[in-house]
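The values are calculated or read from the model by the stated rules, or taken from the named source; none is laboratory data. Fair warning: this is a prediction, and the values are worked out from it, not measured in the lab. Positions of Cβ are backbone-derived with ideal geometry, glycine not excepted, and every protein chain shown enters the neighbour counts. We work out accessible area using only protein heavy atoms, side chains counted, and drop any ligands, DNA or RNA first. Shrake-Rupley method; radii C 1.70, N 1.55, O 1.52, S 1.80 Å.
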There are 2 protein chains.
Amino acid sequence: MPAGVQSGTGVLPITQFFSVAVSGSRDPSLDRETQRFQAQLSRQTGIPFRPQAGQAATLTVHADHGREAIQKLGEDESYELTVSGSSAQLNAPTPLGILRGLQTFLQLVQITANGFAVPAITIKDQPRFPWRGLLIDVSRHFIPLEVMKRNVDGLAAVKMNVVHWHLSDDQGFRVESKVFPKLHEMGSDGMYYTQDEIREFIAYAHDRGIRVVPEFDIPGHSRSWVIGYPELASGPGPYTLETGDPIIDPTRESTYRFLDKFLAEMARLFPDAYFHIGGDEVDGKEWDANPKIKEFIQSHGMKNNQDLQAYFNQRLQKILTKNHKIMLGWDEILHPDLPKTIVVQSWRGQESLAAAARQGYSGLLSHGYYLDLMWPAARHYAVDPMSDAAATLTPEERSRILGGEACQWAEWVTPENIDSHIWPRNAVVAERLWSASEVKDVASMYARLNAVSLDLEWLGLTHRSARQQMLQRMAGSTDITALQVLAAVVEPVKDYSRWDGSKGPIDFHAPLNHMIDAVYPESDTARQFATLVQTFLQSGGKDQSAEAQIRTWLALWRDNDTKLHPTLEQSSLLQEDEPLSQELSALGAAGLQALDYIDKWQSSPDAWRTQQSVLVDQAQKPEAGLLVMVAMPVQQLLEASAVAGRN
Amino acid sequence: MPAGVQSGTGVLPITQFFSVAVSGSRDPSLDRETQRFQAQLSRQTGIPFRPQAGQAATLTVHADHGREAIQKLGEDESYELTVSGSSAQLNAPTPLGILRGLQTFLQLVQITANGFAVPAITIKDQPRFPWRGLLIDVSRHFIPLEVMKRNVDGLAAVKMNVVHWHLSDDQGFRVESKVFPKLHEMGSDGMYYTQDEIREFIAYAHDRGIRVVPEFDIPGHSRSWVIGYPELASGPGPYTLETGDPIIDPTRESTYRFLDKFLAEMARLFPDAYFHIGGDEVDGKEWDANPKIKEFIQSHGMKNNQDLQAYFNQRLQKILTKNHKIMLGWDEILHPDLPKTIVVQSWRGQESLAAAARQGYSGLLSHGYYLDLMWPAARHYAVDPMSDAAATLTPEERSRILGGEACQWAEWVTPENIDSHIWPRNAVVAERLWSASEVKDVASMYARLNAVSLDLEWLGLTHRSARQQMLQRMAGSTDITALQVLAAVVEPVKDYSRWDGSKGPIDFHAPLNHMIDAVYPESDTARQFATLVQTFLQSGGKDQSAEAQIRTWLALWRDNDTKLHPTLEQSSLLQEDEPLSQELSALGAAGLQALDYIDKWQSSPDAWRTQQSVLVDQAQKPEAGLLVMVAMPVQQLLEASAVAGRN
């Protein structure tokens, strides 16, 4: 939602003769962007453009001056877009603003009764926060460059401006190091990015107005480092990519000689001014168990492991400063010994973000934006970096809150399904960070999210289409009508319940090809059904149109298990979903019976209701890591049927 | 369907530990193929493979010797595949046979109640014809290399071995010529393949066991040639890419000096032994109108334009021979003055193919395999190169029939929808050319085609998914349930009716973004519905299961227009489909009423039936270039209702 919108009258038709003219600054990335823009508009509309010679341009684009060779935090992204019935004008101080404005133009294109068109409108827009990012973890499961690229296209479409690349963790070191080649050679399963690929990706992101901030997570989360270089570890090992909990040893000078060379290499490879060193979840066991480290702590007047980590971070910070980088890390790096120039990324919450700001540190919010927790979009949408603890900050302290980042941790994603875990939900985090805090109407958000989701598919993202293919694989057939009925109303368990439910540690090489891996994190069908039930109940059972729609859904579900059962039975991937299918059918039948009671103005019998509630309770328990999301609204119908006769 | 199949007992499980070992010949294309094979198997199953060190390979692959550097017509493609409950062995004389056998293995993988598995089986297989191809026209609409590549993946999956690249025609010259750069520069809209891209594509196809046969269509279909080189034309011009009907002038020696250089350049670029010079549909108007050409015909003792074309072809043939190429052309090149080495590709029919064979010429069948005519798969499946006129040939004459090619002419396709025009129907032409002529059970074909269609999507082909996106574009929404109901039962008009229906000449730059461009050439739903009606009627109206299914469909259609109407009305792309939607609903209602009469053992009233027949007749007329394919089975229900009371 732009900062300022004024509707005009009329529409600008998008025809075969659509054309773009560029005036002002001739940044090369601007020419490439206008070409991409036209290709994208052509894809969205199916119209191959054939501008007529001598005809005035449909859209004129004007940037006052060029952009920075290395995109800067806070670089001007504002733009003004004016669309009339005959032409459109997009002005911006920099090409970055043009990038943002062109995405707005694409979002405005609609099919109408008279062809594709953009409504006449005047938009003045700029972002609320200068740092709006998405973290993608490529360590737990490697994400190939082409998948990273299409996700960058998605980020550009929703006007985010940072991709935070979580490049190393216990399970894999994903960057080629020429200085220390055993990092990627022994610290990965052979899947990593070459330095050429990294450069290619950074250029790709830069073209789209997106900064690439690398993260190398140390001193914890560092198993992949010590396979090739065990001398970095605080413990004796042995370590493999699957076993051991090493922490880097901050007491040896050799560690810093290593990091000095390594960080210099990476600082050259990644041009962004910011460099993320992780620093989260340092499990102190190896430090506690190492007498030399314990002695170091004592002899240096430190109180505990936290002080030791702060010492480590101070050393890192000096190396990074020498390499002209600003250090960024998770909450745990916050320590009075560190200079105020560092930036703290909060996975713990607004409180720790506010605490950092009060102490003079800049910060980013990620708590509340973890896409891997499988929350509905509305829940992420409600999280504001400036709310809760941050609400009491002074204006100066508030200015230290730079923005936030959604996080896609990769324990449970593969290149096949990562898009559907990120999209479309990431778009609501993007809006939270771009638009005014007052923009928070949930119904409007979902309506616009649906439109954005459609546009994103034209970029090649597979967030919707992958489910279909994965379901066909499980069914061994293209005929998946009944399977889709079930898939459309279930969601994966929330938060870290999938971890809790897994027996023992996660096997990062296990296939992720079950229903839980294919379904969307949020069920549109269930949300819409819940709204229908609410409408119906609020009408006192009088809204016949709502009731008819509710009945159609309930009947579909009631009859579905009979159709689906043979498919589930014959597939090892689907057998675990049999109880879900049965529960859905039972819920359909129960809901229909409840409606019958309501229609007849009869109270449903207590005994029947008790029996049905057992069923609903059962349906609300996870099966195969999945939740039947229509159980709750059916429960509401049951409750309403109890009092139907008493009105 | 393989040449020989013997079922065994048990299944070979496909687990995470699946591995491949290669013995015998170490052709480099073989290593790449086994890697691709494993990646494809991984995609199909969603299993990332982790072979255990020291464990015996699941599948052992053995080729006796290497393959030709330039793939030869008739090179051995046979293979033997033996699968037991514990391992599989694939043997072949050449790596080409291995390529084919690995595709068979992929087709055998099924999801079972105990995981993915391949049934125990012994297969001995080889193709019936040595030339099994697909022509792709890239002139009328340019098809980018990536789209060509994924279609080559499809060809490999169905064991075809030739891609016939129709590279020039009136509307575009699509190859970079360094000798005559105005060919691609002025003879195209800027979209052409560079020579590097051509080489890349040929290597890509070679890796998959597919020959690339180029076609440059002359002396007709040559408008794109004469824009840059008007001296080649037989008329005075002027010509543009959109206007004029030039033919190349065969009477000037300068023409042959041009072709001598050009063909030498292209002969170097395309390594295949065969070279296609088109030669079809030479419209003699420019020859007739040119006194010099008429005089040439007379002075050289020729009778007519056909003789002149034969003279031209003889000259071409000599140039090609000098460049070590065998000339290939359409029916029209057949002329007693041409040597028996040339190959004739028949677009006219088996008769002309047989005639060529009798005269000692080799031939290929394409008549009956034109995918752009929108025929159902079964109709292509019924066409056999050896049937009809060819059935009476002697064994020696029969041996001259090398195989055939499906043809995808590109008047009405774009990169977006070309996959759905080619696939899955092309797979039935592939089977016709690979398998024994006795393999022709249509029900079995459709069942297997459905499975192949699913596999093809894992290659990245968009033959099924594109429809969904295109419908969403037309509707301007992701909610296309009702639109899909309509889209699933309509088919584009057949043969050249779309041309006849277009006002004036085709505008090759017009958007192809209407319903006719999105729907599949063949409606599975309509075919299945017709079968249901047949089953029901043959049971004398007693098959209640069939009737219940028929009623479900009919009710869905009857109720659909109400839901769909608002969507159709607000989209300029869909308004033209309003009558179709109304007709479908009326057919649904009529069919249900007919069933009611049949159920009650009542004859339906004549007046009612007459009224309904008007409706059915109306529904059988094309609207917006589309046919409602369920009109005919509804008509059968109406007819049955007439006699229902009289049994």
### Task
Go through the range A:601-613 and give me each residue that's open to solvent by 40 Å² or more (accessible area, probe 1.4 Å) and in contact (Cβ under 8 Å) with a residue 40 or more places away in the chain.
A:W601, A:Q602, A:S603
### Task
For the range B:569-588, indicate whether the set of residues that are out of contact with any strand residue (DSSP E or B) (no Cβ under 9 Å at 6 or more places or on another chain), within 13 Å of B:Q635 (Cα to Cα) and not in a loop (DSSP other than H, G, I, E, B) is non-empty.
yes
### Query
For the range A:378-407, how many residues are touching a Phe, Trp or Tyr at 6+ places or on another chain (Cβ under 7 Å) and closer than 30 Å to A:L626 by Cβ?
6
### Task
Please verify whether the range A:316-338 includes one or more residues that are within 24 Å of A:G404 (Cα to Cα), at pLDDT 95 or above and polar (S, T, N, Q).
yes
### Query
Applying the selection to the range B:420-441, what residues are among the acidic types (D, E) and farther than 13 Å from B:A378 by Cβ?
B:E438
### Query
Are any of the residues in the range B:40-47 in contact with a Phe, Trp or Tyr (Cβ under 9 Å, 6 or more places away or on another chain), within 14 Å of chain A (Cβ to nearest Cβ), assigned to a loop (DSSP other than H, G, I, E, B) and closer than 18 Å to B:S23 by Cβ?
no
### Task
Could you pull out the residue among B:R26, B:R50 that is of a type in the set (K, R), in a loop (DSSP other than H, G, I, E, B), within 14 Å of chain A (Cβ to nearest Cβ) and farther than 22 Å from B:L454 by Cβ?
B:R50
### Message
Looking at B:L595, B:L584, B:L580, can you tell me which residue is touching an Asp or Glu at 6+ places or on another chain (Cβ under 9 Å), at pLDDT 95 or above, over 30 Å from A:A113 (Cβ atoms) and aliphatic (A, V, I, L, M)?
### Response
B:L595
### Message
Between a residue in the range B:160-188 that is open to solvent by 10 Å² or more (accessible area, probe 1.4 Å) and any residue that is modelled with pLDDT of 95 or more and among the aliphatic types (A, V, I, L, M), which pairs come within a Cβ distance under 6 Å, given they are 6 or more apart or on different chains?
### Response
B:M186/B:I227
### Message
Among the residues of the range B:546-568, what is the count of those that are within 13 Å of chain A (Cβ to nearest Cβ) and either open to solvent by 70 Å² or more (accessible area, probe 1.4 Å) or part of a loop (DSSP other than H, G, I, E, B) (or both)?
### Response
7
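So that you can scan it fast, the table gives a plain yes or no per residue for (1) touching a strand residue (DSSP E or B) at 6+ places or on another chain (Cβ under 6 Å); (2) within 14 Å of chain B (Cβ to nearest Cβ); (3) open to solvent by less than 10 Å² (accessible area, probe 1.4 Å):
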position	(1), (2), (3)
A:M1	no, no, no
A:L30	no, no, yes
A:S86	no, no, no
A:A92	yes, no, yes
### Task
Spot the failing condition for A:E242; the list is (1) on the phi < 0 side of the Ramachandran plot; (2) crowded, with 21+ Cβ neighbours inside 10 Å, and only one is missed.
(2)
### Message
Against the condition more than 30 Å from A:V519 (Cβ to Cβ), in contact with a Lys or Arg (Cβ under 6 Å, 6 or more places away or on another chain) and either of a type in the set (S, T, Y) or crowded, with 24+ Cβ neighbours inside 10 Å (or both), how does A:S362 come out, does it pass?
### Response
yes
#### Entry: Within the range A:383-502, helices (runs of 4 or more DSSP H) holding 3 or more residues that are open to solvent by less than 20 Å² (accessible area, probe 1.4 Å)
A:418-422, A:426-434, A:442-457, A:465-475, A:481-487
### Message
Return the residues of the range B:76-90 that are in contact (Cβ under 8 Å) with a residue 40 or more places away in the chain and more than 14 Å from B:N161 (Cβ to Cβ); say none if nothing qualifies.
### Response
B:E80, B:L81, B:T82, B:V83, B:S84, B:G85, B:S86, B:S87, B:A88
### Task
Mind telling me which of the residues A:V147, A:V138 ends up being open to solvent by less than 10 Å² (accessible area, probe 1.4 Å) and more than 14 Å from every other protein chain (Cβ to nearest Cβ)?
A:V138
### Task
Give A:E457, A:E411, A:E438 a once-over and let me know the one that is at the interface with chain B (Cβ under 10 Å from one of its Cβ atoms) and of a type in the set (D, E, K, R).
A:E457
### Task
Tally the residues that are open to solvent by 20 Å² or more (accessible area, probe 1.4 Å) and among the hydrophobic types (A, V, I, L, M, F, W, C), restricting the search to the range B:503-531.
4
### Task
Would you tally the residues in the range B:507-523 being polar (S, T, N, Q) and within 12 Å of chain A (Cβ to nearest Cβ)?
1
### Query
Taking A:G74, is it open to solvent by 50 Å² or more (accessible area, probe 1.4 Å) and away from chain B (no Cβ under 14 Å)?
yes
### Message
Testing A:D280 on (1) over 25 Å from A:E411 (Cα atoms); (2) acidic (D, E); (3) open to solvent by less than 30 Å² (accessible area, probe 1.4 Å), one condition comes back false. Which one is that?
### Response
(1)
### Leading residue by the ranking (modelled with the lowest pLDDT) among those in the range B:245-255 that are surrounded by fewer than 18 Cβ atoms within 10 Å (Cβ to Cβ) and under 21 Å from B:D280 (Cα atoms)
B:D245
### Message
Step by step: first the residues of the range A:4-23, then only those that are in a loop (DSSP other than H, G, I, E, B) and either among the β-branched types (V, I, T) or in contact with a Gly (Cβ under 7 Å, 6 or more places away or on another chain) (or both), then the one that is least open to solvent (accessible area, probe 1.4 Å). Which residue is that?
### Response
A:I14
### Query
Would a scan of the range A:259-276 turn up a residue that is under 19 Å from A:N290 (Cα atoms) and either touching a residue at least 40 places away in the same chain (Cβ under 8 Å) or touching a helix residue (DSSP H, G or I) at 6+ places or on another chain (Cβ under 8 Å) (or both)?
no
## Note on the structure
Among the residues of the range A:45-96, the number that are modelled with pLDDT under 95 and among the hydroxyl-bearing types (S, T, Y) is 0
### Query
Mind checking which residues of the range B:189-214 are open to solvent by 10 Å² or more (accessible area, probe 1.4 Å) and among the small types (G, A, S)?
B:G190, B:A203
### Message
Of the conditions (1) in a loop (DSSP other than H, G, I, E, B); (2) within 14 Å of chain B (Cβ to nearest Cβ), A:G541 satisfies every one except a single condition; which number is it?
### Response
(2)
### Task
Scan the range A:38-67 and report the pairs whose first residue is open to solvent by 50 Å² or more (accessible area, probe 1.4 Å) and whose second residue is of a type in the set (D, E), with Cβ atoms within less than 9 Å and a gap of 6+ or a chain change.
A:R43/B:E416; A:R50/B:D189; A:H65/A:D27
